[in-house]
Amino acid sequence: MNADNNQVYIMFNAAGVAAALFLLSLSLWLAPVDLSTKGYWGMGIVLLMGSLVNLVKYRTDDRNARDVVRQLEQAKNEKILKDYVGNQ
């Protein structure tokens, strides 16, 4: 994939998140409950969003770390093979 396709996906996801937050806020505003209950639900929504962002970030960081380790091991193995074949 090139950068243009990634930008399209990023914008599509951003629009989806914005639409979901708008609709969720609207439904929270129109809910027939007390203001304190709406505030409690709103805090839960904000904490859930923060947790999801952290989950995605840590999964991405973990995947990147595993990729770096894999690349280092691959380079080490290639060097060992190159040295072995070079000595023959």
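Each value in this text was obtained by applying a stated rule to the coordinates, not by laboratory testing. Note that the structure is a prediction, hence the values are computed from the model and not measured. All Cβ positions, even for glycine, are placed from backbone atoms using ideal geometry, and neighbour counts span all protein chains on display.
The figures follow:
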item	result
Potential lengthening between Asn6 and Gln74 on full extension [0.36 nm per residue; Cα-Cα distance subtracted]	21.7 nm
Net dipole in debye of the chain [+1 Lys, Arg Cβ; -1 Asp, Glu Cβ; about Cα centre; nearest 20]	140 debye
Bins of 5 Å, starting at 0 and running to the largest distance - Cα pair percent for the chain	3, 11, 9, 13, 13, 10, 9, 7, 7, 5, 4, 3, 2, 2, 1, 1, 0
Acute angle (nearest 10 degrees) that the helix 3-30 long axis makes with the longest principal axis of the chain, alpha-carbon atoms	30 degrees
Sites Leu55 and Tyr84 - FRET efficiency at Förster radius 30 Å, r taken between beta-carbons, to 0.05	0.10
Pair Asp62, Val33: separation of 7 Å Cα→Cβ label points (nm)	3.1 nm
